[in-house]
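The structure under discussion appears below in the form of structure tokens.
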Amino acid sequence: QLVRFIVEAVERADTEWGIPPHVPALAIPSAAAEFAGTALRVIAPEDFPAGYEIPVVAWVVNGQGRAVRVNGTLEAPGHPSINIKRGVGSGFLATDHPAGSLNYSPAVKGVQAGKTINVEATTTWTTVSGTLAGTTTWPANSRIRVTGHIGIPAGSTLTVGAGTIVLLNPGVNITNNGSVLINGNIDQPVVFMPQARSQPWGGFFMQTSTGVLNAS
């Protein structure tokens with residue numbers, strides 16, 4: 001007689017009960033010697049609206065700009081720490097910084113970097129929703145407030161300039177059947193963000209073979 005047992009993992013629920021949960025192994029902090037010859041590359045917006053969490057991405061890189069697979073904790077006085085795992089980590093700075101220059105100087109195992117972020121005293125948002133037909137350009141450093149679902153039809157193009165901040169209402173989707181070109185860079189990344197992490201926006205939907213998303 002063959003008897004099959006299915007162990008129900010309550011963390012999974014419903015149809016995935018039989019799949020065991022995956023618990024990643026703990027990241028073992030790297031020794032200081034493993035950081036020798038490395039540099040810290042911090043990516044964060046140059047300008048950012050006041051009252052919102054500021055996103056930060058940090059890489060530990062070698063002389064060729066490639067990630068060094070080390071683990072550690074990125075720390076800066078007065079700011080939340082960020083875990084670095086296999087050479088990269090991301091996190092948020094707090095929402096309560098006053099308008100003006102915010103000097104962020106994090107370090108991990110003696111490797112330090114500096115980043116100055118201008119917290120805007122006032123921000124003027126351009127409200128957008130609905131169908132974006134034809135050619136639409138959000139110029140560099142635009143402040144876009146997406147209040148409803150957006151659609152880019154086939155044959156239409158949306159271009160997003162460097163440094164642009166896109167604030168999306170909860171559950172809002174961007175359905176792209178045309179072309180979306182996001183032209184961010186290390187100094188001026190493009191940020192798509194919700195009002196708060198507890199109120200996430202939807203995402204990009206690519207439903208046909210005509211949709212193209214080219215993002216830097």
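At a glance:
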item	result
Carbon + sulfur, % of accessible area of the chain - ligands and nucleic acids excluded, 1.4 Å	52
Heavy-atom accessible area per residue - region 20-118, 1.4 Å, Å²	55
Gaussian network model of the chain, Cα within-10 Å springs - most flexible of Pro139, Pro170, Pro20	Pro20
Computed log₁₀ I(q)/I(0) - Debye formula, equal Cα scatterers, no solvent, region 70-170, q 0.14, 0.18, 0.22 Å⁻¹	-0.76, -0.95, -1.11
Convex hull volume of region 34-128 per residue (C-alpha atoms, cubic angstrom)	105
Positive-end residue of Phe204, Pro55, Thr73, charge dipole of the chain with Cβ unit charges	Thr73
Debye equation applied to the C-alpha atoms of the chain, log10 I(q)/I(0) at 0.11 Å⁻¹	-0.71
Student exercise, region 5-129 dipole from Lys, Arg, Asp, Glu Cβ charges, in Debye to nearest 20	640
Percent of beta bridges antiparallel (DSSP, region 72-177, rounded to nearest 5)	45
Dipole of the chain, positive direction: furthest Cα of Ile144, Phe5, Asn118, with charges on the beta-carbon	Phe5
Cα Rg, Dmax, region 113-199, angstrom units	13.6, 43
Separation of the Asn185 and Asn169 label points, Cα + 7 Å toward Cβ, nm	3.5
Cα pair distances in region 166-216, grouped into 5 Å bins until the bin that holds the longest one, percent each	5, 19, 22, 21, 22, 9, 2
Region 5-93: trypsin sites (Lys or Arg not before Pro) in DSSP coil with no more than 15 other Cβ atoms inside 10 Å	Arg12, Arg66, Arg69, Arg86
Largest-first ordering by accessible area, 1.4 Å probe, given options His149, His22	His22, His149
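The values are calculated or read from the model by the stated rules, or taken from the named source; none is laboratory data. Predicted model only: the values in this text are computed from it and were never measured. Using ideal geometry, Cβ is built from the backbone for each residue, glycine included, and neighbour counts are taken over all protein chains shown. For the accessible areas, the whole protein counts, side chains as well, though only heavy atoms, and no ligand, DNA or RNA atoms are used. Shrake-Rupley method; radii C 1.70, N 1.55, O 1.52, S 1.80 Å.
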